[in-house]
Amino acid sequence: MIIQQIIVGTMAVCCYLVGCEETKMAAVIDPGGNEDQILAAAKAKGLTIEYIINTHGHADHDCGNGVIKAATNAKIIIHAKDAEFFARPEIKNYFSVLGLPASPPADQTVIDGDVITVGKVKLTVIHTPGHTPGGICLYAAPNLFTGDTLFVGAVGRTDFPGGDTATLMNSIRQKILTLPPETKVWPGHGYGGNSSTLAKEAKSNPYLTGDF
């Protein structure tokens, strides 16, 4: 399994190029800008981008969807609840203040437990609402791409429309911390670091230990 983390956009999003070593098929997770850099990284590794996967519908994570799709004809994938939520006119208007390009509509929606197959790599969709209604993490043991659900030393904010703190914490405790402790965490922003493990987060993340 090929993993390349690329920090992109004005909000320093952790974008991921995830590829199959055997077939050279790949997915881009959260292309939030710097599209030329993402495409160049895929080309350098000989990868064909088949999917664009958004962990959630915030513009800083999907503003590069259109450019990547135009260059590769990759399918855009997002959770069904975020596809519906971010299509609402009032929600579009709220987030338009960010001034970032809007994503084309998703080509495919997913729900909890779905598996996205990229060559011989299988990414299991874990629905983790709280940051957004349709937030997801993507699990391919031992790797977990957590989007804005879980950061290193922090968790996603819940003060935007569609966010809810109790729901987020429930998602983390029931869906994420039940995975093996050695699971490697690849977050949606590198606020406290660009990677971690669930064991480290359970022991030191103040939002999880109750020390915040």
Problem set entry | Of the criteria (1) closer than 16 Å to GLY188 by Cα; (2) part of a helix (DSSP H, G or I); (3) over 14 Å from the mean Cα position of the chain (by Cα), which one THR10 fails | (2)
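Only one residue in ILE49, ILE3, ILE111 is of a type in the set (A, V, I, L, M), closer than 19 Å to HIS127 by Cα and modelled with pLDDT of 95 or more, so which one is that?
Working: ILE49 fails: closer than 19 Å to HIS127 by Cα; ILE3 fails: closer than 19 Å to HIS127 by Cα.
ILE111 is the lone residue from the list that is of a type in the set (A, V, I, L, M), closer than 19 Å to HIS127 by Cα and modelled with pLDDT of 95 or more.
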For this session: Only one of these is touching a Ser or Thr at 6+ places or on another chain (Cβ under 8 Å) and surrounded by fewer than 23 Cβ atoms within 10 Å (Cβ to Cβ): ALA154, ALA140, ALA166. Name it.
Result: ALA140
For this session: Give the number of residues within the range 50-76 that are surrounded by fewer than 24 Cβ atoms within 10 Å (Cβ to Cβ) and without any contact (Cβ under 8 Å) to a residue 40 or more places away in the chain.
Result: 9
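Looking for whichever is within 17 Å of the chain's Cα centre (by Cα) and farther than 29 Å from GLY192 by Cα here; the options are GLY66, GLY33, GLY19. Which one fits? Even if it seems obvious, please write down each step before you answer.
Details: GLY33 fails: farther than 29 Å from GLY192 by Cα; GLY19 fails: farther than 29 Å from GLY192 by Cα.
Checking each option against the conditions leaves just GLY66.
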For this session: Output the number of residues of the range 174-212 satisfying the condition of being of a type in the set (Val, Ile, Thr), assigned to a loop (DSSP other than H, G, I, E, B) and surrounded by 12 or more Cβ atoms within 10 Å (Cβ to Cβ).
Result: 1
Exercise. So THR132 fits all but one of (1) modelled with pLDDT of 95 or more; (2) touching a helix residue (DSSP H, G or I) at 6+ places or on another chain (Cβ under 7 Å); (3) farther than 20 Å from ILE29 by Cβ; what number is the exception?
Worked result: (3)
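The values are calculated or read from the model by the stated rules, or taken from the named source; none is laboratory data. What you see is a predicted model, and the numbers here were worked out from it, not measured in a lab. Here the Cβ is made from the backbone with ideal geometry for all residues, glycine too, and neighbour counts use every protein chain on show.
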